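Trainee: Sending over a structure as structure tokens; questions will come in a sec.
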Amino acid sequence: MGSYIEFNDTLQITTAQGFPKELNLESHLNKPIKAEDFEGRVFEFCNKSNIRIYHPAPVRVFLAHNINGKWLHWGKVHIIEQTIHAETQTTSGKYKIIQIYEPEYMRLKNIFDVEEDKRYWDDSMHKII
């Protein structure tokens, strides 16, 4: 007998799962948001399918917003708490934002580090899709 546990270095969540509403790309492109804007705040995520283990603080975990199946990488977080729900096979937890990428770095990271079918940023058009 065994169990399947996934180890993740990326917290990829939808708004409904706990992605911060304050992280708005249009606003960020006009006036970059800084991690300091969130100092001392703790965010929660929930209903991540499957049993997952994220690297606990002080190790960084990448933060990606899942927007209709497309990933937009925003920065890095520290996972400060995780809960595995055995009956529902889901994971939830708490995190702190430790770094927000500047818009140009976000664009490049999403072009070079995200699988083509999951990219939120379409570089061929030099705009957000």
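Trainee: Would region 44-59 turn up any residue that is within 15 Å of the chain's Cα centre (by Cα), under 25 Å from E104 (Cβ atoms) and either surrounded by 13 or more Cβ atoms within 10 Å (Cβ to Cβ) or among the basic types (K, R) (or both)?
Mentor: There is no residue in region 44-59 that is within 15 Å of the chain's Cα centre (by Cα), under 25 Å from E104 (Cβ atoms) and either surrounded by 13 or more Cβ atoms within 10 Å (Cβ to Cβ) or among the basic types (K, R) (or both).
Trainee: Would you check which residues across region 18-43 are among the polar types (S, T, N, Q) and surrounded by 11 or more Cβ atoms within 10 Å (Cβ to Cβ) and list them?
Mentor: Taking region 18-43 and keeping what is among the polar types (S, T, N, Q), we get 24, 27, 30.
Residues satisfying the conditions are N24, S27.
Trainee: Residue by residue through region 52-66, note down the ones that are basic (K, R) and closer than 10 Å to T10 by Cα. Spell out how you get there, then give the answer.
Mentor: The first filter runs over region 52-66 and keeps only residues basic (K, R), leaving 52, 60.
The one that is basic (K, R) and closer than 10 Å to T10 by Cα: R60.
Trainee: Kindly indicate whether any position in region 10-26 is over 14 Å from the mean Cα position of the chain (by Cα) and part of a loop (DSSP other than H, G, I, E, B). Before you say what the answer is, go through the steps one by one.
Mentor: Of region 10-26, the ones over 14 Å from the mean Cα position of the chain (by Cα) are 26.
This time we only want the ones that are part of a loop (DSSP other than H, G, I, E, B), so: none.
No, every residue in region 10-26 fails to be over 14 Å from the mean Cα position of the chain (by Cα) and part of a loop (DSSP other than H, G, I, E, B).
Trainee: Could you list, in sequence order, all residues of region 47-70 that are without any contact (Cβ under 8 Å) to a residue 24 or more places away in the chain and of a type outside the set (A, V, I, L, M, F, W, C)?
Mentor: Result: P58, N68.
Where a number appears in this text, it was derived from the coordinates with a stated rule and is not lab data. Note that this is a predicted model, so its numbers are computed, not measured. When we count neighbours, we look across all protein chains shown, and the Cβ atoms used for this are built from the backbone with ideal geometry, even at glycine.
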